[in-house]
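The values are calculated or read from the model by the stated rules, or taken from the named source; none is laboratory data. Everything numeric here is computed off the predicted structure, so don't read it as measured data. Positions of Cβ are generated from backbone atoms using ideal geometry, with glycine treated the same way; all protein chains shown enter the neighbour counts. Heads up: the accessible areas ignore ligands, DNA and RNA and are worked out on the full protein's heavy atoms, side chains in. Shrake-Rupley method; radii C 1.70, N 1.55, O 1.52, S 1.80 Å.
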Amino acid sequence: MKETPLSNCERRFLLRAIEEKKRLDGRQTYDYRNIKISFGTDYGCCIVELGKTRVLGQVSCELVSPKLNRATEGILFFNLELSQMAAPAFEPGRQSDLLVKLNRLLERCLRNSKCIDTESLCVVAGEKVWQIRVDLHLLNHDGNIIDAASIAAIVALCHFRRPDVSVQGDEVTLYTLEERDPVPLSIHHMPICVSFAFFQQGTYLLVDPSEREERVMDGLLVIAMNKHREICTIQSSGGIMLLKDQVLRCSKIAGVKVAEITELIQKALENDQKVSFLNLLSVSKPVLWTPGTAQIGEGIENSWGHLEDSEKEDEDEGGSDEAVILDGVKMDPGVEVSNIGSQDAPIVLSDSEEEEMIILEPDKNPKKIRTQAISATQVKAASKKPVKKRKKKRAAN
């Protein structure tokens with residue numbers, strides 16, 4: 001579906017407003033739209049909103065063989081997709097000239113500027129390296145795609161964590177997130193694109209053009225720069241002739257805007273780390289209480305397994321089936337004894353040699369029983385007589 005062209009009235013209205021230094025959304029000439037950064041649950045997933053332009057960024061990784069001419073360097077791959085969900089004019093399954101231009105500009109901005117240390121992605125030289133893939137999806141198009149896509153790409157790379165690996169001889173071990181903490185990427189700097197739209201053969205200049213302003217502009221200048229005022233790439237399109245003073249003026253404006261956006265990105269990353277840290281502290285596994293078992297964390301019923309023959313003999317000689325045997329100390333199930341902590345606190349089983357092991361046998365009638373910590377001397381004193389009686393009975397038999 002082709003995009004609807006602007007009428008002559010709309011075109012004249014926009015150009016007249018730009019001449020009077022006015023914009024449809026109320027911004028000034030050098031103002032950016034509001035930037036909002038939100039993160040997903042997975043590492044390397046983010047959504048960047050530049051006004052109404054929304055871009056979803058997702059980073060993934062896998063172990064692959066390196067390139068022959070770069071045996072000790074990892075691989076970076078960028079892919080930007082323009083779907084019909086963003087704008088009806090985008091055709092699915094076909095690479096338009098705009099898409100090819102945006103992908104090339106992203107690669108020059110992020111990969112050719114060496115913002116990622118690709119040598120740190122090498123696992124085994126000449127055999128195994130990490131391939132980092134950055135997928136960018138345009139969710140809504142309202143102008144200035146390249147700026148939103150560059151911000152989403154660098155934010156997703158900063159937020160991403162790859163699995164840890166170890167090499168022993170020829171064996172490469174890949175650890176899961178539960179076994180070892182994931183490793184962040186080594187990022188030297190954060191290049192960000194800033195777009196400038198020119199009108200009436202370079203007479204008027206606007207920063208961060210909207211979708212309607214892009215339709216009536218004569219030329220576009222994109223400058224990719226980091227906060228150290230180092231120009232990573234620069235591209236001019238539209239066929240207009242720009243003077244040296246105009247380019248220097250745009251580079252100074254880009255330096256100010258990049259510093260502000262970089263500070264916003266760092267604050268967003270810090271806030272996300274604080275939120276994830278608080279979530280880890282608040283999440284705790286509940287203790288499941290089941291009849292006749294002592295469980296720490298999640299467990300299943302009768303986790304102690306079946307009783308052995310010797311334990312069955314002790315149970316028969318002990319007397320009542322309803323009593324709970326703690327190495328010769330009997331307690332009625334109906335009597336509640338004050339415990340050390342609350343019922344939700346996990347049970348700590350000591351492995352020291354001074355204390356005897358506590359055997360909990362399964363009860364047919366499930367009841368909540370709270371046990372009291374008994375010192376080792378009391379348990380030994382109470383368990384002497386029953387042991388002697390059992391020995392006499394066995395000798396008699």
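Brief remarks on what is shown
- Residue match in segment 216-238 (condition: part of a strand (DSSP E or B), out of contact with any Lys or Arg (no Cβ under 7 Å at 6 or more places or on another chain) and at pLDDT below 90): yes
- Tally of residues being under 21 Å from Ala259 (Cβ atoms) and open to solvent by 20 Å² or more (accessible area, probe 1.4 Å) across segment 112-151: 2
- Selection within segment 237-255: residues that are open to solvent by less than 70 Å² (accessible area, probe 1.4 Å) and under 38 Å from the mean Cα position of the chain (by Cα). The member of this set that is nearest to Phe196 (Cα to Cα) is Cys250.
- Positions within segment 71-111 being loosely packed, with under 13 Cβ neighbours inside 10 Å, in a loop (DSSP other than H, G, I, E, B) and not basic (Lys, Arg), in sequence order: Gln84, Pro88, Pro92, Gly93, Gln95, Ser96
- For segment 6-42, filtered to residues that are farther than 30 Å from Glu263 by Cβ and touching a residue at least 60 places away in the same chain (Cβ under 8 Å), the residue that is surrounded by the most Cβ atoms within 10 Å (Cβ to Cβ) is Leu14.
- Verdict on Ala156 being open to solvent by less than 20 Å² (accessible area, probe 1.4 Å), under 14 Å from the mean Cα position of the chain (by Cα) and modelled with pLDDT of 90 or more: yes
- A search for C-beta distances below 7 Å between a residue of segment 209-226 that is over 29 Å from Arg111 (Cβ atoms) and any residue that is of a type in the set (Lys, Arg), counting only pairs 6+ apart in sequence or on different chains, returns Val216/Arg11.
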